[in-house]
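Undergrad: Can you read through this structure? Questions will come right after.
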Amino acid sequence: MPDSLQNLLSFLGRVLVAILFLPSGIGKITNFAGTVGYITAHGLPLPQLAAVIAILFEVGVALAFLLGFKTRWSALILAIYTAAAGIFFHNYWDAPAAQLMMQQINFYKNLAIAGGVLSFAAWGAGGWSVDAKRGA
């Protein structure tokens, strides 16, 4: 595959992943109380701190990933965060029967997203990135 096509595909991959995280993070900022309530309803400790951490990951780390800055680290963080979110918020094994299928689909989507992001952790951002410009 030519480098120019590989760089384009890597960039488009980062954009498509960022489209998932950035609006979600911004939504958490604009509805912070609702985010805290959602986290509380799932029984997680320190829901306000968890909401702040989620915002930092979904906005800050996702922006770094989008720009291709410290891509391997940001991808690894996003993969771990996404897998953990699947476990805590889409735990289909404890879902009521009416929600079982949807929670199972969302759980496996989270795992698939984490898997895709891990490829960036392994291979980097590509040539159209801050990392490439910095020679990292």
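The values are calculated or read from the model by the stated rules, or taken from the named source; none is laboratory data. All figures in this text were calculated on a predicted structure; none of them were measured in a lab. Note that we place each Cβ from the backbone using ideal geometry, even for glycine, and neighbour counts take in every protein chain shown. Just so you know, the surface numbers come from the protein's heavy atoms only, side chains and all, with ligands and any DNA or RNA stripped out. Shrake-Rupley method; radii C 1.70, N 1.55, O 1.52, S 1.80 Å.
Undergrad: For region 1-62 and region 96-134, what is the separation of their Cα centres, given in Å?
TA: Using only Cα atoms, the two centres lie 11 Å from each other.
Undergrad: If you don't mind, another one. Run the numbers for residue 92 and residue 8: contour at 0.36 nm per residue of separation, minus the present Cα-Cα distance, in nm.
TA: 26.6 nm
Undergrad: Can you tell me the accessible area per residue over region 1-103, all protein chains present, probe 1.4 angstrom, in square angstrom?
TA: Ligands and nucleic acids excluded, the figure is 59 Å² per residue.
Undergrad: To continue, here is another question. Kirkwood hydrodynamic radius for region 71-111: how many Å is it when counted over pairs of different Cα atoms?
TA: It is 10.6 Å.
Undergrad: Also, quick follow-up: Have a look at 103, 81, 91 and report the one farthest towards the positive end of the charge dipole of region 44-136, computed about the Cα centre with Cβ charges (Lys/Arg +1, Asp/Glu -1).
TA: 81
Undergrad: Could you sort the peptides 14-25, 72-83 by per-residue average Cβ neighbour count (10 Å cutoff), highest mean leading?
TA: Put in order of decreasing packing, that is 72-83, 14-25.
Undergrad: How large is the charge dipole for region 1-134, taken about the Cα centre, if only the Cβ atoms of Lys, Arg (+1) and Asp, Glu (-1) carry charge, to the nearest 20 debye?
TA: For region 1-134, the charge dipole is close to 260 debye.
Undergrad: I'd like to compare 60-70, 106-116, 40-50: which one has the highest average count of other Cβ atoms within 10 Å, and what's the full order after that?
TA: Highest mean packing first, the order is 60-70, 106-116, 40-50.
Undergrad: I've got another one for you. Treat each spin label as a single point 7 Å out from the Cα along the C-beta direction, and report the residue 49 to residue 105 distance in nm.
TA: 3.6
Undergrad: Nearest 10 degrees is fine. How inclined is helix 3-30 to the longest principal axis of the chain, computing both from alpha carbons?
TA: The angle comes out near 30 degrees.
Undergrad: Once the piece of chain linking residue 30 and residue 56 is laid out straight, how much longer is it, given 0.36 nm per residue of separation minus the C-alpha distance between them?
TA: Taking 0.36 nm per residue and subtracting the Cα distance, the gain is 8.0 nm.
Undergrad: Under 25 Å Cα to Cα from residue 109, which lysines show up? Leave out anything in the same chain fewer than 8 places away.
TA: Within the straight-line cut-off, residue 109 pairs with 28, 70.
Undergrad: Could you tell me which residue out of 40, 6, 120 lies farthest along the dipole of the chain toward its positive end? Charges go on the beta carbon: Lys and Arg +1, Asp and Glu -1, centred on the Cα centre.
TA: Result: 6.
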